[in-house]
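Novice: Let me give you the structure first, and then I'll get to my questions.
The values are calculated or read from the model by the stated rules, or taken from the named source; none is laboratory data. Keep in mind the model is a prediction, meaning the values are calculated, not measured. Cβ placement follows ideal geometry from the backbone for every residue including glycine, while neighbour counts extend to all protein chains displayed. Calculation scope for accessible area: heavy atoms of the full protein, side chains included, ligands and nucleic acids excluded. Shrake-Rupley method; radii C 1.70, N 1.55, O 1.52, S 1.80 Å.
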Amino acid sequence: MHPAYFPVLWWSLFIFASFLGYGELLRRVLNQREFDDLGWGLKAAWGMAVVLAIGGLLMALHLAVTVMLSLVVVAGAAAALGFAVDSMRRKPPAWADFRVSWPGLVLGGLAALAFASSIAWPFQIDPNDDVVCYLFFPQKILQTGTLIEPFNVRRMGTYGGQSLLQALVMIVGGERNAHIPDRGFGMLMIFGMLLHYSRQIPKNLALFRFLAVGCLFFVSVPRINTGSSLTGSAMILALILTLARWPLAGGFNWRNLLVPSLLVAGAGALRPTYLLCAAGIVALEPFLRPLVNPP
């Protein structure tokens, strides 16, 4: 029997809230002024990288079972709630300057529709990949706490990050919901980052901004299975935007290495080829910074 739609929807939003909680916690631990205004998209990407790191440690110790992963999600969501309450106590509140516009409502509606469709997306399920392997991996994580498959060629082609994200969803959901991490979480993070970092576009180019951000919902992603596409893209984009601020103030210290390291590791865990992309971005950082963060 397929899981009910709405319990999986609410649980998925709960997982995304936990990403926001871990991302904000990491930002506060770093306590550096260049990260004061991350935006919710980049903050969620940071949080996903933290969850992947925690999950990797739990899998190494054979502890990534249902109860432990549930605690990871609940702890992150609780942190997000606490930070939200703290934000509302500010004078003025952090959201006091929020304004609703028709373009914003349209883009927000498209994002909500895209996320809602990801809950039970019936397409791009490959019987040669998903049915025999990829949809089996999350269940193995939940039942055994790890993902050891030494004779599985598909397991050797991944470090298990996408399977871990799917395992988080399948605590409440099932195989039918395997597209949520990519079509849901990955899409929301990229949407949030594009929305936040396009704010400085002049008002006379507002239509260009609307089209540039809106293209996210109309450009087809060439998926053939439930593997990582937008989740990896979100990690790579988050790495670029983080390096553009790295470091903008103060002397060099360990804090400057922590977030890029988490994002590189998270990208590599989702798919090994993303590790090569992330390494190339780190090498090109001096050239990318002026493009993303012009003087």
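Novice: Compute the long axis of helix 5-30 from its Cα atoms, compare it with the longest principal axis of the Cα atoms of the chain, and write down the angle in degrees, 0 to 90, nearest 10.
Specialist: That helix lies at roughly 50 degrees to the long axis.
Novice: For segment 1-54 and segment 155-208, write down the distance between their C-alpha centroids in whole Å.
Specialist: Spelled out, the Cα-based centre of one part sits 11 Å from the other.
Novice: GNM on the chain, C-alpha springs below 10 Å: top fluctuator among Ala60, Ala49, Ala167?
Specialist: Per the Cα network of the chain with a 10 Å cutoff, Ala60 tops the list.
Novice: Please determine, in degrees from 0 to 90 and to the nearest 10, the orientation of helix 40-60 with respect to the longest principal axis defined by the Cα atoms of the chain, where the helix direction is its Cα long axis.
Specialist: 30 degrees
Novice: Just by accessible area at a 1.4 angstrom probe, what is the order of Tyr22, Tyr159, Tyr197, Tyr134 from largest to smallest?
Specialist: Greatest to least solvent exposure: Tyr159, Tyr197, Tyr134, Tyr22.
Novice: What order do Val51, Val282 take when sorted by accessible area (1.4 Å probe), most exposed first?
Specialist: If we order Val51, Val282 from most to least accessible, we get Val282, Val51.
Novice: Against the longest principal axis of the chain, how steep is helix 272-283, in degrees 0 to 90 to the nearest 10, with axes from Cα atoms?
Specialist: Helix 272-283 sits at roughly 20 degrees to that axis.
Novice: Next question, about the same structure. Mind checking the per residue accessible area of the chain for me, 1.4 Å probe, whole number of Å²?
Specialist: On the way: 14820 Å² over 295 residues.
For the chain, the per-residue accessible area is 50 Å².
Novice: Running Debye on segment 119-269 with equal point scatterers at the Cα sites and no solvent, what base-10 log of I(q)/I(0) appears at q = 0.16, 0.18, 0.19 Å⁻¹?
Specialist: After summing over all Cα pairs, the log10 values are -0.96, -1.10, -1.17.
Novice: Here's another thing I want to ask about it. Roughly how much of Trp246 is accessible, in Å² to the nearest 10, using a 1.4 Å probe?
Specialist: Trp246 has an accessible surface of roughly 50 Å² with all protein chains in place.
Novice: Okay, next question. How many nm separate the modelled label positions at Val153 and Asp126, each set 7 Å beyond the Cα in the direction of the Cβ?
Specialist: 1.2 nm
Novice: What is the extension gain from Leu105 to Ser261, computed as 0.36 nm multiplied by their sequence separation minus the C-alpha to C-alpha distance, in nm to one decimal?
Specialist: 52.6 nm
Novice: Follow-up. Could you tell me the accessible area of Leu25 in Å² (1.4 Å probe, neighbours in place), rounded to the nearest ten?
Specialist: 80 Å²
Novice: Moving on. Over the chain, what percent of the accessible surface lies on carbon and sulfur atoms, probe 1.4 Å?
Specialist: Numbers: 10380 of 14820 Å².
Carbon and sulfur: 70 percent of the exposed surface of the chain.
Novice: How much of the calculated P(r) for the chain lies past 25 Å, in percent of all Cα pairs?
Specialist: 48 percent
Novice: Which one, Phe14, Phe218, Phe115, has the greatest fluctuation when you compute a Gaussian network model over the chain with C-alpha springs under 10 angstrom?
Specialist: The residue with the greatest mean-square fluctuation here is Phe218.
Novice: To the nearest 20 Debye, how big is the dipole of segment 1-129 about its Cα centre, given +1 on the beta carbon of each Lys and Arg and -1 on that of each Asp and Glu?
Specialist: Charge dipole, segment 1-129, about its Cα centre: 480 debye, nearest 20.
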